[in-house]
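Asks: Supplied in structure tokens, the structure appears directly below.
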Amino acid sequence: NTTESTIAVETLDDVPEHVLRGLPEDVRLFPSAVDKTRLGVWATKSILKGKKFGPFVGDKKKRSQV
């Protein structure tokens, strides 16, 4: 008797439309390099230090919470 493990994989269909619309031109969502079941944020070119983009939607977290 074997049980199959089903792992939910996050897809672009799981991302709210306002998040996709708010991504800067050179930022994309692709499978994470850290957790293959999640999406990660990837830059298609270098982002200069201090570059700001947004608006931010969601709850801000402290570094110790992520």
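Asks: Ignoring ligands, DNA and RNA, please state the percent of accessible area on the chain from carbon and sulfur, probe 1.4 Å.
Replies: Numbers: 3450 of 6480 Å².
In the chain, the share of accessible area belonging to carbon and sulfur is 53 percent.
Asks: Would you tally the net charge around residue 10, using a Cβ to Cβ cut-off of less than 11 Å, leaving residue 10 out, and scoring K and R as +1, D and E as -1? Mind dumping the intermediate values first?
Replies: Details: positive: 36, 38; negative: 13, 14, 35.
The answer is -1.
Asks: For residue 9 and residue 34 in the same chain, what is the full-extension length gain: residue separation times 0.36 nm, less their Cα-Cα distance, in nm? All intermediate terms of the calculation are to be shown ahead of the outcome.
Replies: Values: separation 25, 0.36 × 25 = 9.00 nm, distance 1.33 nm.
The residue 9-residue 34 span can extend by a further 7.7 nm.
Asks: To continue, here is another question. For Rg and Dmax of the Cα atoms in Å, one of (i) 18.1, 61; (ii) 15.3, 55; (iii) 20.6, 74 was computed from the structure I shared and the rest are decoys. Which label?
Replies: (ii)
Asks: As a check on your grasp of the helix formula, calculate [θ] at 222 nm for the chain: sum -39500 (n - 2.57) over DSSP H runs of n ≥ 4, divide by the residue count, round to the nearest 500. Each step should come with its number before you reach the end.
Replies: Values: 1 runs with 6 residues, N = 66.
Computed ellipticity for the chain at 222 nm equals -2000 deg cm²/dmol.
Asks: Something else: Could you size up the charge dipole of the chain around its Cα centre, putting +1 on the beta carbon of Lys and Arg and -1 on that of Asp and Glu, and report it in debye to the nearest 20? Kindly include the intermediate steps, with their values, before the conclusion.
Replies: On the way: 12 positive and 9 negative charges, 135 e Å.
Dipole magnitude for the chain comes out near 660 debye.
Asks: In Å², what does the accessible area per residue of the chain work out to with a 1.4 Å probe? List each step's numbers first, then the result.
Replies: On the way: 6480 Å² over 66 residues.
Dividing the accessible area of the chain by its residue count gives 98 Å².
The values are calculated or read from the model by the stated rules, or taken from the named source; none is laboratory data. Fair warning: this is a prediction, and the values are worked out from it, not measured in the lab. Quick reminder, even Gly has a Cβ in these numbers, built from the backbone with ideal geometry, and neighbours come from all protein chains shown. All accessible areas refer to the heavy atoms of the entire protein, side chains included, with ligands and DNA or RNA removed. Shrake-Rupley method; radii C 1.70, N 1.55, O 1.52, S 1.80 Å.
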